[in-house]
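Okay, so here's the structure we're looking at.
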Amino acid sequence: MPSFYLITNLSKGKIPADFLTQASTLIATALGKPESYVTVRVEPDAQMIFGGSNDPCGTAELGSIGRLGIEENKVLAKTIGEFLEKQLGLKQNRVYIRFTDIPRAELGFSGTTFDELLGKK
């Protein structure tokens, strides 16, 4: 269910080999969701600027069915921001993170939707 997507102007060589697995574990833990449902995608080498500068930067998106909201997103922004800064050297003031709470009926998996898989409420 949770999906984390990062676009960055960092080169592919600056992304540690274990970044995807570490990010997957971080997202699962932060959201309290099974890691078996987490997807992580990184697109390095993006032609992008932030605030008029081409210093290292990025945009990230975290989508999840639930576990997102005003207070939760504050904690997630801190957790993810610190992780990106430690792992990739992306300063927290050079990354936007967009949070999307996905309705269960709008996410498909295994030939159906999570609305059906999780039971309608």
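The values are calculated or read from the model by the stated rules, or taken from the named source; none is laboratory data. These figures come from a predicted structure and were not determined experimentally. Neighbour counts are summed over all protein chains in view; Cβ atoms, including those assigned to glycine, are modelled from backbone coordinates with ideal geometry. Side chains are part of the model used for accessible areas, which takes the heavy atoms of the whole protein and leaves out ligands, DNA and RNA. Shrake-Rupley method; radii C 1.70, N 1.55, O 1.52, S 1.80 Å.
Tally up the carbon and sulfur contribution to the accessible surface of the range 28-121 as a whole percent, 1.4 Å probe, everything protein left in place.
Carbon with sulfur: 50 percent of the solvent-accessible area.
Can you send over the solvent-accessible area of K33, 1.4 Å probe, protein chains only, in Å² to the nearest 10?
It works out to around 30 Å².
Give me, ordered by chain and number, the residues 5 or more places off F50 or on other chains with an amide H under 5 Å from its own placed amide H.
Under 5 Å from the amide H of F50 lie the amide H atoms of D55, each far enough along the sequence or on another chain.
So what J values fall out for the range 100-107 if you push phi through Karplus, 6.51 cos²θ - 1.76 cosθ + 1.60 with θ = phi - 60°, rounded to Hz, Gly and Pro as x?
Whole-Hz 3J(HN,Hα) from phi for the range 100-107: 10, 8, 8, x, 4, 6, 9, 10.
Rounded to the nearest 5, what % of DSSP beta bridges with both residues in the chain are antiparallel?
45 percent
What's the angle, to the nearest 10 degrees (0 to 90), between helix 70-88's Cα axis and the longest principal axis of the chain?
For 70-88 against the chain, the angle is about 40 degrees.
Could you tally up the Lys pairs in the chain with alpha carbons closer than 17 Å? Skip any pair fewer than 8 positions apart unless they're on separate chains.
Qualifying lysine pairs in the chain: 6.
Considering only the other residues whose Cβ falls under 13 Å of the Cβ of L10, what net charge follows from Lys and Arg at +1 and Asp and Glu at -1?
Taking every Cβ under 13 Å from that of L10, the sum is 0.
From the mean inverse distance of alpha carbon pairs (Kirkwood) and the Cα radius of gyration, derive Rg over Rh for the range 1-56.
Taking Rg over the Kirkwood Rh, I get 1.06.
Among residues other than S64 whose Cβ falls under 14 Å from its Cβ, what is the net charge (Lys/Arg +1, Asp/Glu -1)?
Net local charge, S64 excluded: -1.
For the chain, what is the charge dipole size about the Cα centre, in debye to the nearest 20, if Lys and Arg each add +1 at the Cβ and Asp and Glu each add -1 at the Cβ?
Taking the Cα centre of the chain as origin, the dipole is about 140 debye.
Tell me the per residue accessible area of the chain using a 1.4 Å probe; a whole number in Å² is fine.
Dividing the accessible area of the chain by its residue count gives 60 Å².
Report the label-to-label distance for T100 and A46 in nanometres (one decimal), using points 7 Å from each Cα along the Cα→Cβ vector.
Label at T100, label at A46, 1.3 nm between them.
Go ahead and estimate [θ] at 222 nm for the chain from helices alone: -39,500 (n - 2.57) per DSSP H run with n ≥ 4, summed, over the residue count, rounded to 500.
-9500 deg cm²/dmol
Can you tell me the 0 to 90 degree angle between the C-alpha axis of helix 19-31 and the longest principal axis of the chain, rounded to 10?
Tilt relative to the chain: about 50 degrees.
According to the Cα gyration tensor, what semi-axes, each the square root of 5 times an eigenvalue, does the equivalent ellipsoid of the chain have, listed from largest to smallest in whole Å?
They are 27, 15, 13 Å, listed largest first.
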